[in-house]
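Data first, discussion second: the structure below is written as structure tokens.
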Amino acid sequence: MLGCRRIRPQHTDESISRVEHKRILLIIGGGIAAYKCLELIRRLRERGVGVRVVMTTAAQQFITPLSVSALTNERVFTELFDLDDESEIGHVRLSRDADVILVAPATADLIAKMANGLANDLASSVLLASDKPPLIAPAMNPRMWLKPATQRNVRQLYADGARFVGPETGEMAERDEAGPGRLAEVPALIEAIEEMTASDRSARTHSSTGPLHNRHVVVTSGPTHEPIDPVRYIANRSSGKQGHAIAAAALAAGARVTLICGPVNLPDPAGVETIKVETAAEMLFAAERALPADIAVFCAAVADWRVAQQGTQKIKKQKGEPAPALELVPNPDILRTIAKQKKGRPELVIGFAAETEKVIEHASAKLKRKGCDWIVANDVSAETGIMGGNRNSVHLIREDGHESWPELSKDEVAVALVKEMAREFAVAEEKTQINKTMRAKTHKI
Ligand code: C5P
């Protein structure tokens with residue numbers, strides 16, 4: 001286990017100072033979520049950030065360059081073949097002058113152009129001419145996001161060093177449409193910009209930098225399905241959103257990430273090695289095979305029991321017969337198995353506790369029982385809407401106490417948790433260095 005240090009998660013206050021005086025080039029794509037950019041620009045300007053904007057032709061169907069220009073206090077760039085622009089500023093300088101290039105909303109079309117190096121308008125030309133990887137905030141219909149072509153493009157962009165924020169999962173502007181594809185909220189966009197500037201990622205790629213660079217993080221996510229017969233199974237309401245967000249945040253922090261996930265309706269996070277399983281037994285097998293790891297986060301809602309004798313054929317209703325009784329047997333406890341491992345235990349093992357009452361008390365007992373280092377506990381009683389929802393209110397429990405975090409989106413919880421992990425490793429490394437120096441000094445004496 002790593003040395004413990006109690007630190008509060010840091011959110012927007014710190015980001016204010018981190019982004020001050022930075023220059024953002026915001027490329028606004030043509031999507032209904034473009035209106036959120038107006039709020040984003042206001043919030044960035046309040047923080048002392050210079051914002052320059054390029055709008056695609058389609059973006060101008062949703063918001064006007066006039067309103068954007070009023071908020072940025074600068075002219076808005078829209079045309080590639082604008083001679084004035086070429087002589088005064090040019091598309092190469094537009095991108096080189098910026099500390100961070102944010103593409104929001106990044107439509108499927110813009111993503112495809114970026115992934116394939118197209119440059120047939122000002123936005124795509126700026127992106128291609130840029131010397132730094134962009135921060136991309138996708139927003140589109142869930143079907144478009146989940147299409148293999150889009151996912152392929154996203155993977156390519158990750159591999160090229162781009163960073164992503166969102167998309168979030170939820171209701172779409174179109175009636176009766178829901179799923180992954182919502183533009184990340186303004187605080188999440190600002191936090192991502194802050195991350196980008198803080199680690200000066202612009203000159204480097206995601207895989208070779210970041211506080212978790214050189215670390216391997218294993219995350220379990222989603223529910224498990226325990227078959228009753230070939231067509232029926234026992235399941236639970238876990239969506240996998242929190243686990244997937246943690247995997248993405250760890251990746252963004254430079255880690256190599258293995259995500260082991262049960263059946264979920266979420267896209268595989270690009271850049272993450274995703275192993276899909278169905279049952280608890282398969283999840284344990286995959287988790288053991290994924291080791292060695294520096295950090296293991298057990299976020300999955302693993303079914304506690306499975307059916308002792310699975311039917312090999314569909315169990316038939318028999319007229320006049322009573323309903324069949326299902327005999328259940330306990331599933332292996334994956335978290336406990338890995339946390340209690342004598343050899344090859346990850347340095348930091350984190351469990352989750354979904355409780356409906358006495359959250360801290362029950363979660364603290366769980367920390368001991370399972371042998372893990374931290375527990376992230378949340379109240380999942382029906383009225384909280386946490387199970388399946390986009391927000392989370394958690395308590396981080398360590399051996400020496402606990403801290404309660406404010407209500408955050410699941411993406412924000414993931415980023416805050418990854419920051420805590422990075423700090424834990426930084427403190428441990430610092431201690432090792434001090435010990436080494438002390439030993440060297442003692443030796444000299
Ligand atoms: O015992 P309980 O299900 O409340 O414990 C929750 C924690 O244990 C979570 O981190 C979950 O991922 C993990 N767990 C597990 N294998 C199980 C049951 C829970 O890894 N069979």
Across the range 46-66, the tally of residues that are at pLDDT below 95 and assigned to a helix (DSSP H, G or I) stands at 1
Of all residues making up the range 322-361, the number that are near the ligand (Cβ under 10 Å from one of its atoms) and surrounded by 17 or more Cβ atoms within 10 Å (Cβ to Cβ):
14
Name the residue that is surrounded by the fewest Cβ atoms within 10 Å (Cβ to Cβ), counting only residues in the range 297-309 that are outside any loop (DSSP other than H, G, I, E, B) and in contact with a helix residue (DSSP H, G or I) (Cβ under 6 Å, 6 or more places away or on another chain).
298
Checked against (1) out of contact with any helix residue (DSSP H, G or I) (no Cβ under 6 Å at 6 or more places or on another chain); (2) more than 10 Å from the ligand (Cβ to nearest atom), residue 397 satisfies every condition except (1)
Does residue 378 count as within 30 Å of residue 183 (Cβ to Cβ), away from the ligand (no atom under 16 Å from the Cβ) and modelled with pLDDT under 90?
no
Return only the number of the condition from (1) touching a His at 6+ places or on another chain (Cβ under 8 Å); (2) in contact (Cβ under 8 Å) with a residue 12 or more places away in the chain that residue 404 does not satisfy.
(2)
Going through the range 325-367 one residue at a time, which ones are assigned to a loop (DSSP other than H, G, I, E, B) and either within 24 Å of the chain's Cα centre (by Cα) or in contact (Cβ under 8 Å) with a residue 60 or more places away in the chain (or both)?
326, 331, 346, 347
Just one of 188, 173, 139 is touching an Asp or Glu at 6+ places or on another chain (Cβ under 6 Å), touching a residue at least 12 places away in the same chain (Cβ under 8 Å) and closer than 20 Å to residue 35 by Cα; which is it?
188
Pick from the range 270-321, criterion of a type in the set (Asp, Glu) and within 16 Å of the ligand (Cβ to nearest atom), ranking: farthest from residue 249 (Cα to Cα):
304
In this structure, does residue 98 turn out to be of a type in the set (A, V, I, L, M, F, W, C), at pLDDT 95 or above and buried (at least 18 other Cβ atoms within 10 Å of the Cβ)?
no
Does residue 264 satisfy the criteria of being at pLDDT 90 or above, within 15 Å of the ligand (Cβ to nearest atom), under 23 Å from the mean Cα position of the chain (by Cα) and assigned to a loop (DSSP other than H, G, I, E, B)?
yes
When you scan the range 415-432, do you find a residue that is among the small types (Gly, Ala, Ser) and in contact with a His (Cβ under 9 Å, 6 or more places away or on another chain), even just one?
yes
Does the range 106-154 hold any residues that are more than 21 Å from residue 181 (Cα to Cα) and assigned to a loop (DSSP other than H, G, I, E, B), and which are they?
117, 118, 119, 120, 121, 130, 131, 132, 133
Please enumerate the residues belonging to the range 159-197 that are at pLDDT 85 or above and surrounded by fewer than 22 Cβ atoms within 10 Å (Cβ to Cβ).
185, 186, 187, 188
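The values are calculated or read from the model by the stated rules, or taken from the named source; none is laboratory data. Since we're looking at a predicted model, the values are computed, not measured. Counting neighbours? That spans all protein chains shown, and the Cβs are built from the backbone with ideal geometry, glycine included.
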